[in-house]
Amino acid sequence: MSQLPTIGHLIDGKTVHSGTRSQPIYNPATGQIEKTLLLADAATLEQAIASAQAAFPAWRNTPPLKRARVMSNLKVLLEQHADELCALITAEHGKVLSDALGELQRGIENVEYASYAPELLKGEHSKNVGPSIDSWSEFQPLGVTAGITPFNFPAMVPLWMWPMAVACGNTFILKPSERDPSSTLRIAELALQAGLPPGVLNVVNGDKEAVDALLHDPRVKAVSFVGSTPIAEYIYSEGCKHGKRVQALGGAKNHAVVMPDADIANAVNALMGAAYGSCGERCMAIPLVVAVGDATADAVIAGLKVEIAKMKVGPGTAPGVDMGPLVTKPHFEKVKAYVDQGVKEGATLVVDGRRLKVPEHEDGYYLGPCLFDNVKPGMVTYQEEIFGPVLGVVRVKTLQEAMDMIDAHEYGNGTCIFTRDGEAARYFTDHIQVGMVGVNVPLPVPVAYHSFGGWKRSLFGDLHAYGPDAMRFYTKRKTITQRWPSAGVREGAVFSFPSSR
Ligand code: NAD
């Protein structure tokens with residue numbers, strides 16, 4: 001019998017250890033197995049869905065302000081438990097502790113936004129739309145809803161989903177990433193402590209078997225997904241086929257345009273964090289710089305080389321470390337293979353991080369920062385999402401050439417432009433075919449009271465994640481038209497379609 005801690009599920013307010021299959025959870029900083037994760041089977045899913053279904057009627061009828069107060073309580077608890085949660089994130093994902101705190105803070109802002117749900121749910125009202133007739137629209141919860149989340153933001157991305165779903169009166173089943181589920185699960189326990197009734201939020205750990213059960217069960221009315229594009233496409237088509245409302249956010253390959261008039265020193269600093277922060281494992285990371293003019297490209301590369309030389313790579317818990325390990329060994333191998341591929345297909349490897357060794361952590365999944373020059377469309381290195389600390393510079397002659405290249409890319413999650421020219425920036429933000437755009441801001445991740453989402457093959461569905469779009473996603477509109485005729489007034493039958501003519 002394994003002596004490692006076993007992670008189960010949170011169903012109906014209780015920890016449940018069920019499922020016949022399991023998988024190890026590694027610490028990427030050391031390469032050691034530290035926990036065992038139980039993978040949910042059909043019986044586990046049945047328990048979770050039945051619990052969420054049973055909790056729905058009472059939760060739906062709980063006054064919105066009382067639901068919102070749970071979110072206010074949770075915000076306080078998350079702040080109190082920040083150190084514990086960040087330690088869990090770093091132990092399983094590998095990112096440095098300060099970065100874990102950044103993601104947690106962004107997640108807390110979504111909880112804070114969910115505490116304003118009563119304001120968002122007020123609906124619309126019109127008096128006297130006809131004689132003695134009033135009409136209003138209200139936004140009713142859907143019932144049991146579900147979310148499937150990726151490894152790279154184990155605290156933040158789940159908090160994009162379930163707080164708004166439950167604040168709107170739904171119940172929720174969350175299936176976190178099987179690579180780093182502990183912080184997600186701990187946050188769900190804190191939600192119970194904050195006053196969320198049992199069954200309103202259930203967490204099932206698992207893989208495709210659990211996801212398919214959620215997609216196929218008719219009691220689940222809506223599914224939110226965040227992860228890679230091939231899985232997002234699958235979730236979207238399979239969920240829609242089974243009559244669900246689906247929102248599936250996929251992968252990315254974000255370009256940063258650097259104009260000749262940009263403040264190069266500032267742009268270089270911004271690019272360093274955007275390319276190598278969190279080891280490049282962010283859907284809003286910048287893996288491509290499009291430099292307008294050779295002089296701009298030369299200056300950017302010279303600046304990046306200086307800054308890369310100062311970077312410290314090591315375990316995310318060590319003081320002063322800028323970049324931790326990649327999440328798993330297979331992902332490390334995959335990213336390294338992309339670097340080999342870039343060399344083979346003719347890009348110039350200016351900084352090679354492949355031989356990095358971190359003393360006393362030889363089994364950790366560390367790859368040093370890599371920098372390519374002369375990356376070109378058509379190369380695999382240009383086209384595919386690498387999701388690692390690999391930055392490529394593409395050389396172009398004009399802004400229009402840069403924009404045409406970005407527009408032709410299959411992904412359209414985020415992009416940005418570094419410039420001092422307001423006209424160029426305005427033209428870029430107006431015309432570029434990308435969902436989230438920054439001007440001298442490398443990671444234009446919208447704040448919690450806007451909504452998050454890309455274009456093209458970065459998002460499948462109509463509504464973006466969190467913010468105002470989340471209220472629309474997790475509710476259905478009902479419009480009621482009501483008449484109370486005065487006593488004694490009788491009208492004859494009317495056969496023409498009623499209108500205000
Ligand atoms: P992933 O697609 O491998 O996994 C995401 C989720 O899907 C996990 O919960 C996983 O268990 C589940 N899953 C995996 N394979 C499945 C299958 N065959 N059938 C059903 N479910 C399956 O993604 P990941 O590696 O965890 O995360 C990284 C990816 O997520 C990157 O592509 C990144 O760009 C993307 N991402 C996108 C956003 C966004 O907002 N657009 C945000 C964060 C991450």
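General remarks:
- Pairs linking a residue in the stretch 103-122 that is not assigned by TED's automatic domain parsing to the domain that holds ARG60 to a residue that is of a type in the set (Val, Ile, Thr) and surrounded by 17 or more Cβ atoms within 10 Å (Cβ to Cβ), with Cβ atoms under 7 Å and 6 or more positions apart or on different chains, do not occur.
- The lone criterion from (1) at pLDDT 95 or above; (2) within 16 Å of the ligand (Cβ to nearest atom) left unmet by ASP407 is number (2).
- Number of positions in the stretch 270-314 that are hydrophobic (A, V, I, L, M, F, W, C), surrounded by fewer than 18 Cβ atoms within 10 Å (Cβ to Cβ) and assigned to a helix (DSSP H, G or I): 4
- Residues that are more than 24 Å from MET471 (Cα to Cα), more than 7 Å from the ligand (Cβ to nearest atom) and either in contact with a Phe, Trp or Tyr (Cβ under 8 Å, 6 or more places away or on another chain) or among the polar types (S, T, N, Q) (or both), drawn from the stretch 231-256: LYS253, ASN254, ALA256
- Scan of the stretch 446-476 for residues that are crowded, with 17+ Cβ neighbours inside 10 Å, among the aliphatic types (A, V, I, L, M) and out of contact with any helix residue (DSSP H, G or I) (no Cβ under 6 Å at 6 or more places or on another chain), ordered by number: LEU459
- Residue within the stretch 257-269 that is within 16 Å of the ligand (Cβ to nearest atom), at negative phi, open to solvent by 30 Å² or more (accessible area, probe 1.4 Å) and in contact (Cβ under 8 Å) with a residue 40 or more places away in the chain present: no
- Flag for GLY239 being on the phi > 0 side of the Ramachandran plot and open to solvent by less than 20 Å² (accessible area, probe 1.4 Å): no
- Positions within the stretch 173-204 being of a type in the set (S, T, N, Q) and either within 9 Å of the ligand (Cβ to nearest atom) or in a helix (DSSP H, G or I) (or both), in sequence order: SER177, SER182, SER183, THR184, GLN193
- Qualifying residue in the stretch 418-426 (condition: within 28 Å of the chain's Cα centre (by Cα), basic (Lys, Arg), open to solvent by 50 Å² or more (accessible area, probe 1.4 Å) and not assigned by TED's automatic domain parsing to the domain that holds HIS93): yes
The values are calculated or read from the model by the stated rules, or taken from the named source; none is laboratory data. Keep in mind that this is a model prediction, so the values were computed, not measured. Neighbour counts are summed over all protein chains in view; Cβ atoms, including those assigned to glycine, are modelled from backbone coordinates with ideal geometry. Just so you know, the surface numbers come from the protein's heavy atoms only, side chains and all, with ligands and any DNA or RNA stripped out. Shrake-Rupley method; radii C 1.70, N 1.55, O 1.52, S 1.80 Å.
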